[in-house]
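What follows is a single structure, written as structure tokens, with notes after it.
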Amino acid sequence: MLDAFAKHSSIASIEVGINALMERYNATAGNIANAGTPNYLAKEVSFEDDLKRIQDKLRYNTEPELTQTDEGHFHITANSIYEAKVEIAEPDRDFMTTNNTVDLEREILTLGKTAMKYRAVATMARKTFEGLNSIIRG
């Protein structure tokens, strides 16, 4: 039961979000590290749209896997939040003079945004676990 709850709840979304943000951070750091490398193609990580689509599907699912017998019971479905795709692509950008597609200003901005989102998700995780701890302790 607790395993199903953990997979369905915001804990799964936090896990998927943290992992995807780390992928973006690593790709961006790699882009920055290779800014001067000839013929390097910058990488870009996207996942937000797919994660939101799956979260909405779970939230508004009209055919749950388990039957909810009381309004006070949790609405539990399959762990499909883990189906969110983290896509790493080489976006179509103009080549710089060295046939390198890294735009250093853009990468630094992406790194800052990623760090802010990571801190926000980490804060959500902390508050979620504090809430669960409070419930368990009574």
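Computed from the coordinates by the stated procedures, all read-outs in this text should not be read as laboratory data. As the structure is a computational prediction, the values presented were derived from the model and not from experiment. Note: ideal-geometry Cβ built from the backbone for every residue, glycine included; neighbour counts use all protein chains shown.
Extending 7 Å from Cα along the Cβ direction at N19 and again at Y118 yields two label points whose distance is 1.7 nm. Sorting S46, S13 by the number of Cβ atoms found within 10 Å of their own Cβ, with the fewest placed first, yields S46, S13.
Please arrange S10, S134 by how many other C-beta atoms lie within 10 Å of their C-beta, fewest to most. Spell out each step's value before the answer.
On the way: S10 16, S134 9.
Ranking S10, S134 by Cβ neighbours within 10 Å, fewest first, gives S134, S10.
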